[in-house]
Amino acid sequence: MSKKAEEYLGEVLQAFDFGAPVVGAVRYGQGHINDTFVVHTQPEDVCCRRFILQRISSAAFRRPDQLMENIIGVTEYLGREIEKNGGDRDREAMRVIRPKNGSDFYTDSGGSAWRLYPFVEDTVCCQMAETPELFAASGRAFGRFQRLLQGYPAHTLYETIPHFHDTEDRLKQLKAAVAADSMGRAAECQEEIRFMLDREADCSVALQALRDGKLPLRVTHNDTKLNNVLMDKDTGEGICIIDLDTVMPGLSINDFGDSIRFGANHSAEDETDLSKVNLDLSLFEVYTKAFLDGASGTLTQQETDFLPWGAKLMTLECGMRFLTDYLMGDQYFHISRERQNLDRCRTQCKLVSDMEAHWEEMEAIVRRCQ
Ligand code: ADP
Ligand code: GN1
Ligand code: MG
């Protein structure tokens, strides 16, 4: 386990040219993976300029060099596409700021990789879909992201996390964690383990469709939580897609599905009162319509037909991942309290059950939105 990110901050701040004196750097945001800081600087002419400084998680990403090459390629491409469409590339796309040594990221004395972005100002980042309009805005933004990247040379992208949305492999990892039971936690998770094992056949549905050529591989984001899109603070429109670590070839239905998993309900991902955790079909409809709008014709008929499966599989898979991490001692997802990953797993099981109970309605909604 690497040392606390704070211990390297001084050294890392020296490695970048912020163009003005740094007046502070504090932890920021609610991501589960990287260590994120906001850096405040004090230029002479304007009041304050902010930056996002991140230590890239070494537990999640083995090759930060490849990851940053992906991000630089994708952000530059997105910037050009946005400009072509008359947009503002500095606001609508991320931009990597290189360290003074000119490489894509800075490696600290402990061997960890750090990167810097301008802070996209006048935006908000939401942890929950407070209004349907806001959720719709995120759907349009993720749909548009898919459309803007449809011409990107997918073969040039590295797989930053191999088998990331390989649900069959995720189940295998869970089984291995149960068998090892290294923390002695399997006994208290019997119900959740059974829930996952009972759905073994489901794990193959999208992957089999891919193998059969029914679903195409596209350049996808793969982590389309609501808090990975910045919304304009005045208009509420989805402005800039962030957290590009997992942009790789993938399935469009997974980008759709991960947003549903996180956003089409009114509870936190780690809610302990499961009576509050329910799939909201009206939010499902709002997002479906917006995502298809944003993608505007990019998706094939078969992809559209499979959208409910994207929702169910991303939720099931995420539940398995939380459970696996809980069984292995919380090494991957950041936690702020004990059993948080188990609680997160339980909300995902509840959502999957809800989707199963409302499956025909989900399918009807997708048909209506086409
Ligand atoms: P993680 O992989 O840990 O989720 P993210 O890249 O999503 O890390 O960043 C964590 C949080 O930091 C985001 O949810 C958002 O609140 C904030 N954030 C990240 N990049 C920017 C940016 N360029 N401008 C403003 N806020 C940002
Ligand atoms: C992580 O990085 P963040 O917090 O946006 C994870 C996603 C999970 C999500 C669950 C690289 O997303 O895959 O769905 O937590 N990201 C990575 O909240 O593993
Ligand atoms: Mg994030």
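Assorted remarks:
- For L157, residues with placed amide H under 5 Å, excluding near neighbours: none
- Ordering of 341-350, 325-334, 354-363 by packing is 341-350, 325-334, 354-363, highest average first (other Cβ atoms within 10 Å, averaged per residue).
- Taken about its Cα centre, the chain carries a charge dipole of about 520 debye when Lys and Arg each add +1 at the Cβ and Asp and Glu each add -1 at the Cβ.
- For segment 1-155, a simple Cβ point-charge model (Lys and Arg +1, Asp and Glu -1, everything else neutral) yields a dipole of about 420 debye relative to the Cα centre.
- Lys/Arg +1, Asp/Glu -1 at C-beta; segment 270-317 dipole; positive extreme among T298, L316, L279: T298
- Cα gyration tensor shape for segment 27-132, rounded if a/c is under 1.5, else prolate or oblate: rounded
- With each label modelled as a point 7 angstrom along the Cα→C-beta vector, the E338-V46 pair spans 4.7 nm.
- Among the GluC sites (Glu not before Pro) within segment 234-328, not one is in coil by DSSP while having at most 11 neighbouring Cβ atoms inside 10 Å.
- Sparse packing (at most 11 other Cβ atoms within 10 Å of the Cβ) combined with a DSSP loop state is found for the following GluC sites (Glu not before Pro) in segment 37-100: E44.
- Cross-link pairs K4/K276; K289/K312; K175/K312; K100/K233 - those with Cα-Cα distance over 23 Å: K4/K276; K100/K233
- Overall form of segment 55-210 per C-alpha gyration tensor (a/c, 1.5; a/b vs b/c): prolate
- From the alpha carbon centroid of segment 281-320 to that of segment 1-55 is 36 Å.
- Calculated [θ] (222 nm, deg cm²/dmol) that DSSP helices of n ≥ 4 give over the chain, each run adding -39,500 (n - 2.57): -13500 deg cm²/dmol
- FRET efficiency for K4 and T272, using Cβ-Cβ distance with R0 set to 22 Å, rounded to 0.05: 0.20
- Dipole of segment 24-160 [Lys/Arg +1, Asp/Glu -1 at C-beta], most positive-end residue of Q127, F142, N34: N34
- The smallest convex shape that holds all Cα atoms of the chain, its convex hull, gives 141 Å³ per residue.
Every read-out reported here was derived from the displayed coordinates using simple, explicitly stated rules and does not represent laboratory data. Nothing here was measured: the structure is a model prediction, and the numbers come from that model. When we count neighbours, we look across all protein chains shown, and the Cβ atoms used for this are built from the backbone with ideal geometry, even at glycine.
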